[in-house]
1. Explain nothing, just the number: relative contact order of the chain, from Cα pairs under 8 Å at least 6 residues apart, as a whole percent.
2. With every protein chain left in place, what is the accessible area per residue of the chain in square angstrom, probe 1.4 Å?
3. Run the numbers for Ala29 and Ala77: contour at 0.36 nm per residue of separation, minus the present Cα-Cα distance, in nm.
4. Do the sum for the chain: with -39,500 (n - 2.57) for every DSSP H run of n ≥ 4, divided by all residues, what is the mean residue ellipticity at 222 nm, to the nearest 500 deg cm²/dmol?
5. Return a single number: how many Lys pairs in the chain, at a sequence separation of 8 or more or on separate chains, have alpha-carbon atoms below 26 angstrom apart.
6. Note down the relative contact order for the stretch 45-108 as a percent, whole number, built from C-alpha pairs under 8 angstrom at least six residues apart.
7. Can you find, among Leu32, Tyr54, Ile100, the residue farthest towards the positive end of the dipole of the stretch 10-108? Put +1 on the C-beta of Lys and Arg, -1 on that of Asp and Glu.
8. For the chain, would you read off the P(r) tail past 16 Å as a percentage of all alpha carbon pairs?
Amino acid sequence: MVSFSQVHRILVSDLAAGVFPSAKHGANAAWLRLQVITYNLLQLLKKVALPKEYVDSHPKRLRFMIFTAVGKLVSHAGQVLLCIADKLMAVLILPGRRKIAALNFGTR
């Protein structure tokens, strides 16, 4: 269980919730809500789809170990191509997709 102070530290330092984009209250409130939604989605991703080694990871580690390693944009012969890391796909992404697909969300 993560304490409120740990959540606050992650929101402020890792997800930029402490740096508001505007002098307008509504825009800042929307920014903070976006950061909280991002935090919640990352927590869900860590619990459901990622291997156990990433359960306690901060967003910064996830960003550098997973999100930036999935693929690389390459410009070649007038085309923009996405080169996907095959090993990362086989070890991390595909098992995660299988875990998510196996969840029973209950249909109405």
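The values are calculated or read from the model by the stated rules, or taken from the named source; none is laboratory data. Keep in mind it's a predicted model, so treat the numbers as computed, not measured. So basically every Cβ, Gly included, is an ideal-geometry build from the backbone, and we count neighbours across all protein chains shown. These accessible areas exclude ligands, DNA and RNA; they are computed on the full protein's heavy atoms, side chains included. Shrake-Rupley method; radii C 1.70, N 1.55, O 1.52, S 1.80 Å.
1. 20
2. Per residue, the chain has an accessible area of 78 Å².
3. Numbers: separation 48, 0.36 × 48 = 17.28 nm, distance 4.48 nm.
Length difference between fully extended and current span is 12.8 nm.
4. -12000 deg cm²/dmol
5. Within the chain, the lysine pair count is 17.
6. Over the stretch 45-108, the number comes to 34 percent.
7. The residue sitting farthest along the positive end of the dipole is Ile100.
8. More than 16 Å apart: 69 percent of the Cα pairs in the chain.
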